[in-house]
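Shown next, in structure tokens, is the structure this report addresses.
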2 protein chains.
Amino acid sequence: MAKEKKFVESITAMEDDFAQWYTDVVKKAELMDYTSVKGCMVFKPAGYAIWELIQRQLDDRFKATGVENVYLPMFIPESLLQKEKDHVEGFAPEVAWVTKGGLNDLTEKLCVRPTSETLFCDFYSNEIESYRDLPKVYNQWCSVVRWEKETRPFLRSREFLWQEGHTAHATAEDAQERTILMLNTYAQFCEDVLAIPVIKGRKTDKEKFAGAEATYTIEALMHDGKALQSGTSHNFGDGFAKAFGIQYTDKDNTLKYVHQTSWGVTTRLIGAVIMVHGDNSGLVLPPMIAPTQVMIVPIMQKKEGVLEKAAWLKDKLSNFRVKVDDTDKSPGWKFSEQEMRGIPVRIEIGPKDIEANKAVIVRRDTREKIECSLDNIEVKVGEVLKTMQKEMLERARAHRDEHTFVATNYEEFKDAVANKPGFIKAMWCGDEACEIKIKEDTTATSRCMPFEQEQITDTCVCCGKPARKMVYWGKAY
Amino acid sequence: MAKEKKFVESITAMEDDFAQWYTDVVKKAELMDYTSVKGCMVFKPAGYAIWELIQRQLDDRFKATGVENVYLPMFIPESLLQKEKDHVEGFAPEVAWVTKGGLNDLTEKLCVRPTSETLFCDFYSNEIESYRDLPKVYNQWCSVVRWEKETRPFLRSREFLWQEGHTAHATAEDAQERTILMLNTYAQFCEDVLAIPVIKGRKTDKEKFAGAEATYTIEALMHDGKALQSGTSHNFGDGFAKAFGIQYTDKDNTLKYVHQTSWGVTTRLIGAVIMVHGDNSGLVLPPMIAPTQVMIVPIMQKKEGVLEKAAWLKDKLSNFRVKVDDTDKSPGWKFSEQEMRGIPVRIEIGPKDIEANKAVIVRRDTREKIECSLDNIEVKVGEVLKTMQKEMLERARAHRDEHTFVATNYEEFKDAVANKPGFIKAMWCGDEACEIKIKEDTTATSRCMPFEQEQITDTCVCCGKPARKMVYWGKAY
């Protein structure tokens, strides 16, 4: 019993130290671990299985909008990376360089892709000739490398997994439409599947992607009141097309430049799930991305018939991702372990339950216990999982709304950043100097100019000049 | 019509130049292309979609045997690569080295993984403590890099996609069992899904993996009579465990070394599909890995009701991967294009068919035309696809058997290599000198010592000394 208690006690409470709580959960739920390769992580089975579920469900949504998957090389020749000026300035300081291949020095060094705009542009410049070749709506699932100094599991590491979509279109309107379509796809996915509500908006010029005309973002609020940029979609206009010479012959027989977009989400989404839904017992997984949705725990499992009934129950629940924990650990230990791993539903079944033809369903998020007849338990479990998925989103939305504040002047703004963890809505004049001052004064950054604008005041919260843009501000990961 | 003919004519006939035919098919079926990155390829949508289908179906089979997916870093520090002597000797000459990260030189250079035995060993040395932690049966889907000089689409490139399984077991028996289980999984997958029959066997010591105690292989025969190593499974014994100190406390409380395996297949399997099933009209895809299984071609599509009926038919066939080609190309052009892409079944439907409540199903492999009532066409299409899958395997097996020869002495052997493209079964004394001599004299290599042995003669086909091992020999990719 002492040992069992320790399993749970060894997690730091999130109220005491949120960062340490996060690290503890990642470690104890066996999602990820450090390796001998500095700054690089290993995705353990429980962590990778979540990524597989995210990947499959997001990929289905991509394909429903006409996306096709491809795979391009992981190396980018230096000369290719340098073709678009803003882009190389943004990425060159943080790439890893391959300088030797086999036993020889390379004549031109290759960077390990930090992102693949340049490769896709090079590819498209050969692929696209006529308006008939457009649009190209390609995506790849892969890993990328950015030589970060500080790393944190899922949130920032030197190598991470992601998807990157890269598209080419005949017109600026088509490119803009795809940019917003993918942002909406991400937002809907976060709500429906991850149970995470997001703010959709546009990044300020200071925060936009290197080489983009406009960057759009979805921003989520973590349990500690910090923001997490959870996905981005960029409209490049024809900037890259001009740098790479990507032209097509239009119906009117004239040569035109294509208009491009790119968009991506990363394994950071798993970090968001942990920080939005977790509690002091560990991880809480939304049913739709839980590798194990239901864990059956036999009680007094050595008694005749208990394990058999548990196996029968598993069969009955085969529409779900279900397991039986028949290890020789005590039920209490099993409960703690499964709570740590965030398994949405556990079902307790012992001799007395079997006699009464019932079992006890326990929800991970609310701990609610539901007695249920074995006859129609598969229906009940389906309902419980559905309700849990829905209520997790509702709770996350309520938490976000409770932690979204309005600042009408700079004193209120500074007070909010200092004392009220969360989003701050405030007006901005559009001047980068104010963004810089706000960051220096408070460490808060502009998260986005939301699509849903409100006119809070008519002056900039920082400089007092006329302002028409409302911005979400906050401390961020 | 001239243009249409050209589409097909521009493929080299396989009888004239098999290598050129292969390149033509890869290019014209739009599977893959070269890039500005020397030796690296791009998987285009049609090629990557085949890989996705292979991946999903193989992954399901892995998971059914208890495999769990993980993801380890793409970089290996030099010191880690060097821990197992044979392994580093095998791989060091062909790896790419990262020597700079961001703006700084690295203190220790990192190789881009050519394979991940060393990383998994390092990981397992921290993960495994007790017999309770065993077995570990992990796999990852990723890309690896080997600095090859000569490259060919799907068969050999500097970066390629694969899966690599890495397992650790308590006993030598468990490791051997897993090694063979995975070889059998690969063999069954090739037959069931790719319609490619394979020879299962063990590699000679000369041909085994760097660091392995034993390497097992599946060998397939291409249409031109050359062999393709299509998957391998290695038993490492405790060699890596000793080099990396991977020990566990057994039930008897003593420290023991684990026994390990690894196994992998690559995108080379797509090369095998092309070279086993293709013909002079292009690719022929087994239905189970065809991204589009059925293409509906409306005839006289401008006539009222034709496109509507095609759309209705697509709906009716929604259990299959089905598309309608309603582009403004002529039917003849569409037929050629779909044959090139290897789409298993096309369905022609025009005004007369609609009037007669029927359509024409055309098989890609045999060109057989089947008239079918629209009422139960979804049943018929299912049957045709199933039959095609089965007959493709049968044809490939017949071709392989017809191109498998026996050599009882060295003259027969040399004659066979020179004049009869295919496998040669012949006895071998076990001496590496004979393998080397055979390769020098004939360019044929030992493919494997098959599990199904036959005693052809009792002397080595090369040196005439006593021999008990029958070996499959052949020229290989």
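Looking at this model, which pairs from A:Lys251/B:Lys309; A:Lys100/B:Lys208; A:Lys44/A:Lys334 are more than 24 angstrom apart at the alpha-carbon? Before the final figure, lay out each step's value.
On the way: A:Lys251/B:Lys309 30 Å; A:Lys100/B:Lys208 27 Å; A:Lys44/A:Lys334 20 Å.
Over 24 Å apart, Cα to Cα: A:Lys251/B:Lys309; A:Lys100/B:Lys208.
Do any trypsin sites (Lys or Arg not before Pro) in the stretch B:192-276 lie in a loop, going by DSSP, with at most 12 other beta-carbon atoms within 10 Å of their beta carbon, and if so which?
B:Lys251
Residues with amide H under 5 Å of B:Ala467's amide H, sequence separation 5 or more or different chain, H placed in the peptide plane at 1.01 Å from N; which?
Sorted by chain and number, the residues that satisfy this are B:Thr459, B:Cys460.
Report, in degrees rounded to the nearest 10, the 0 to 90 angle that the Cα long axis of helix B:117-127 makes with the longest principal axis of chain B.
70 degrees
I want to verify the translational diffusion coefficient of chain B in µm²/s; compute it with Stokes-Einstein, Rh as the Kirkwood radius over Cα pairs, at 10 °C and 1.306 mPa s.
64 µm²/s
Work out from phi, with θ = phi - 60° and the Karplus expression 6.51 cos²θ - 1.76 cosθ + 1.60, the ³J(HN,Hα) of each residue of the stretch A:428-441, listed in order in whole Hz, and give x for Gly and Pro.
Working through the residues one at a time gives 9, 6, x, 8, 4, 4, 5, 4, 5, 5, 4, 5, 5, 6 Hz.
Can you give me the C-alpha center-to-center distance between the stretch B:70-106 and the stretch B:109-144, rounded to a whole angstrom?
Computed from Cα coordinates, the inter-centre distance equals 14 Å.
Over what distance in Å are the Cα centres of the stretch A:31-51 and the stretch A:225-293 separated?
One Cα centre to the other: 22 Å.
Which whole-number percent is the relative contact order of chain B (Cα, under 8 Å, 6+ apart)?
Computed over chain B, the figure is 14 percent.
Whole angstrom only: what separates the Cα centroid of the stretch A:185-206 from the Cα centroid of the stretch A:408-477?
Centre-to-centre distance over Cα atoms comes out at 20 Å.
If we count every other residue with Cβ under 11 angstrom of A:Ala168's Cβ, Lys/Arg +1 and Asp/Glu -1, where does the sum land?
Values: positive: A:Lys136, A:Arg178; negative: A:Glu127, A:Asp133, A:Asp174, A:Asp238.
Spelling it out: positives minus negatives among the neighbours equals -2.
Order of B:Thr254, A:Thr215 from fewest to most other C-beta atoms within 10 Å?
B:Thr254, A:Thr215
For the stretch B:321-383, which GluC sites (Glu not before Pro) are in a loop by DSSP, counting at most 12 other Cβ atoms within 10 Å?
B:Glu368
As a test of the definition: which semi-axes, in Å, follow for the protein assembly as shown when you take the square root of five times each eigenvalue of its alpha carbon gyration tensor? Largest first, please.
In descending order the semi-axes read 47, 38, 31 Å.
Divide by every residue of the protein assembly as shown the summed helix terms, -39500 (n - 2.57) for each DSSP H run of at least 4, and state the resulting mean residue ellipticity at 222 nm, rounded to the nearest 500 deg cm²/dmol.
Counting only the DSSP helices, I get -11000 deg cm²/dmol.
Compute the long axis of helix B:410-419 from its Cα atoms, compare it with the longest principal axis of the Cα atoms of chain B, and write down the angle in degrees, 0 to 90, nearest 10.
Compared with the principal axis, the helix lies near 40 degrees.
When only Cα pairs under 8 Å and 6 or more residues apart are kept, what is the percent relative contact order across the stretch A:10-277?
Numbers: 489 pairs, mean separation 48.9, N = 268.
After rounding, I find 18 percent.
Quick one: grab the alpha carbon gyration tensor of the stretch A:404-474, order the square roots of its eigenvalues as a ≥ b ≥ c, and give me rounded if a/c is under 1.5, else prolate or oblate depending on whether a/b is larger than b/c.
Note, shape of the stretch A:404-474 comes out rounded.
In the stretch B:210-314, what is the volume of the convex hull around the alpha carbon atoms, normalised per residue and reported in Å³?
Taking the convex hull of the Cα positions in the stretch B:210-314, it is 172 Å³ per residue.
With the Cα gyration tensor of the stretch A:325-387 giving a ≥ b ≥ c as the square roots of its eigenvalues, does the rule (a/c under 1.5 for rounded; else a/b larger than b/c for prolate; else oblate) give rounded, prolate or oblate?
In terms of gyration-tensor shape, oblate.
Quick query: amide H of B:Phe236 versus all other amide H atoms, modeled in the peptide plane; which residues come in under 5 Å with a sequence gap of 5 or more or a different chain?
B:Glu213, B:Gln260, B:Thr261, B:Ser262
Output the 0 to 90 degree angle, nearest 10, between the alpha-carbon long axis of helix A:306-316 and the longest principal axis computed from the alpha carbons of chain A.
Value to nearest ten degrees: 40.
In whole Hz and in residue order, list the ³J(HN,Hα) couplings for the stretch B:213-219 that follow from phi through the Karplus curve 6.51 cos²θ - 1.76 cosθ + 1.60, θ = phi - 60°; x for Gly and Pro.
Coupling constants for the stretch B:213-219: 7, 8, 10, 10, 9, 10, 10 Hz.
Please arrange B:Val37, A:Val98 by how many other C-beta atoms lie within 10 Å of their C-beta, fewest to most.
B:Val37, A:Val98
In whole Hz, what ³J(HN,Hα) sequence does the stretch B:279-288 give by Karplus (6.51, -1.76, 1.60; θ = phi - 60°), x for Gly and Pro?
9, 6, 9, x, 6, 10, 9, x, x, 5
By counting other Cβ atoms within 10 Å of each Cβ, how are B:Cys190, B:Cys372 ranked from fewest to most?
The order, fewest Cβ neighbours first, is B:Cys372, B:Cys190.
Any read-out appearing in this document is the output of simple, stated calculations on the displayed coordinates, not a laboratory observation. Nothing here was measured: the structure is a model prediction, and the numbers come from that model. With ideal geometry, Cβ positions are generated from the backbone for all residues, glycine too; neighbour counts draw on all protein chains shown.
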